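Taking it in order: structure first as structure tokens, then the write-up.
Every read-out reported here was derived from the displayed coordinates using simple, explicitly stated rules and does not represent laboratory data. Computed from a predicted model, the values in this text were never measured in an experiment.
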Amino acid sequence: MATAIRPGANNIGFAIPIDAVRDVLPQLRERGHVVRGKLGLVFQPITNELAKALSLKAARGALVAQIEAGGAAARAGLTPGDVIVSVTVTEIPHAEALPRNVARNSPGTQIKITFLRDGKAQETKATLDTLEDDATQRGPSLKAPKVSPKNNKLGIQVSDHKAGGVRIEGIAPHSPIKDLRPGDVLVELGGKEVKNVDVLEKLLGDAKPGTMLVARVRRGESLRFVAIPVPER
């Protein structure tokens with residue numbers, strides 16, 4: 001459906017899919033505006049590295065990084081680390097498809113979610129909340145302590161974070177770790193809490209060399225997953 005056409009621009013125009021129009025037309029007729037459903041979670045794309053670390057056959061679906069307390073996803077029993085692969089029989093081939101397929105439903109709608117947990121397919125039903133405008137808030141920044149020179153095989157500099165976890169202070173150009181940036185705080189590795197640099201070193205030392213581990217990282221006010229390669233000894 002065409003929404004705008006620019007005259008004299010060699011047939012350049014803007015359009016939206018007719019399926020999207022069908023989704024919102026009943027609400028526009030009834031209310032005069034669109035109200036969308038909300039699942040109440042933070043998700044992220046699955047990279048090839050994360051797929052390997054999670055023992056997935058392919059990099060598909062949306063990885064649940066964080067759950068809103070008391071939200072629809074929490075009530076449905078979803079947890080961080082779950083991989084959503086379909087919503088009401090509609091496949092989620094990549095993370096960007098998740099919000100589109102959730103938001104097309106009205107608040108109060110019950111949707112069926114198929115997800116992977118520990119490599120096994122499971123199903124649950126979630127009753128959607130109302131999607132409201134986002135309000136971004138930033139908390140106070142924490143001053144990092146002295147940098148530790150450990151983890152050189154990973155090409156990163158880390159330090160103990162005063163609020164718990166390990167803060168990434170610097171990343172070398174040759175580092176094999178992707179999707180990390182200075183300021184990220186590593187709080188979990190391989191399903192185990194990372195309290196400080198010593199714990200991180202122990203977890204890496206106990207892991208099988210050459211494998212890939214799933215790490216949970218705090219970035220600002222949000223949490224996400226990254227893949228951490230275990231160095232060869």
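Between Leu189 and Val194, Arg216, the built amide H atoms are under 5 Å apart, and every one of these is 5 or more places off in sequence or on another chain.
Applied to region 162-179, the Karplus parametrisation 6.51 cos²θ - 1.76 cosθ + 1.60 on θ = phi - 60° returns per-residue 3J(HN,Hα) values of 5, 9, x, x, 10, 8, 7, 8, x, 10, 6, x, 8, 4, x, 7, 10, 6 Hz, with x for Gly and Pro. Taking 0.36 nm per residue of sequence separation and removing the Cα-Cα distance, the Val35/Ala172 pair yields an extension gain of 44.7 nm. One decimal place: the segment Lys153-Lys120 gains 8.6 nm when fully extended, by the rule 0.36 nm per residue minus the C-alpha distance. Under a 5 Å amide H cut-off, with hydrogens placed 1.01 Å from N, Ile46 pairs with Leu63, Ala95 among residues at least 5 apart or on other chains.
Backbone amide hydrogens, once placed in the peptide plane, bring Asp82 within less than 5 Å of Val64, excluding anything fewer than 5 places away on its chain.
3J(HN,Hα) along region 45-55, derived from phi through the Karplus expression 6.51 cos²θ - 1.76 cosθ + 1.60 where θ = phi - 60°, amounts to x, 9, 7, 4, 5, 5, 4, 5, 5, 8, 6 Hz, with x in place of Gly and Pro.
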